[in-house]
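Input: a single structure, listed below in structure tokens.
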Amino acid sequence: LQRALDELLKIVPDNKPGLKLQRIIKRFRQNLFVFLTDRAVSPTNNGSEQALRPCVIFRKVTNGFRSVWGADLYADVRSVLETARRRGLGILQALRLTLRGEPLPTAA
């Protein structure tokens, strides 16, 4: 895969979007194939999409937020809760740690 990617990156794009894609691939190359060597890494972003689903439903049901700070607060709280869920922490424990400015422990 690395050799095939080397060959593809030798191609010089003739348009702006192609140059941008090539620059991004070069920048994040070390992360492209991690899922092949580390089974704990998913090859898709389904987990992230599923984590966003409650936010999408909330936005549709409430017809959006009335203020930027409200949207930011909601996003921050959802982020803490989803991180806690993925790491097997209780919600209250995660909120306490966050309010103290302490990082949430990683999954064991």
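The values are calculated or read from the model by the stated rules, or taken from the named source; none is laboratory data. Small disclaimer: the values here were computed from a predicted structure and weren't measured. In this analysis, Cβ positions are derived from the backbone assuming ideal geometry, glycine residues included, and neighbour counts consider all displayed protein chains. Heavy atoms of the whole protein, side chains included, go into the accessibility calculation; ligands, DNA and RNA do not. Shrake-Rupley method; radii C 1.70, N 1.55, O 1.52, S 1.80 Å.
Here are the numbers:
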| quantity | calculated |
| --- | --- |
| Cα-based equivalent ellipsoid of the chain: semi-axis lengths in Å, sorted from largest, via gyration tensor | 36, 21, 13 |
| Charge context of LYS20, other residues only, Cβ under 12 angstrom, K/R +1, D/E -1 | +4 |
| Dipole magnitude of the chain about its Cα centre (Cβ charges: Lys, Arg +1; Asp, Glu -1), debye to nearest 20 | 120 |
| Gyration tensor (alpha-carbon) shape descriptor, region 1-51, a/c threshold 1.5 | oblate |
| Value of relative contact order over the chain, rounded to a whole percent, pairs C-alpha under 8 Å and six or more apart | 11 |
| Helix 91-100 axis, angle to the chain major axis (alpha carbon atoms, nearest 10°) | 80 |
| R0 of 25 Å, Cβ-Cβ distance PHE33-ARG78: FRET efficiency to nearest 0.05 | 0.25 |
| Cα-based helix-to-principal-axis angle, 68-86 vs the chain, degrees rounded to 10 | 80 |
| Reachable lysines from LYS10, criterion Cα separation under 20 angstrom, eight or more residues apart if same chain | LYS20, LYS26 |
| Heavy atoms of ARG100: accessible area, 1.4 Å probe, square angstrom to 10 | 150 |
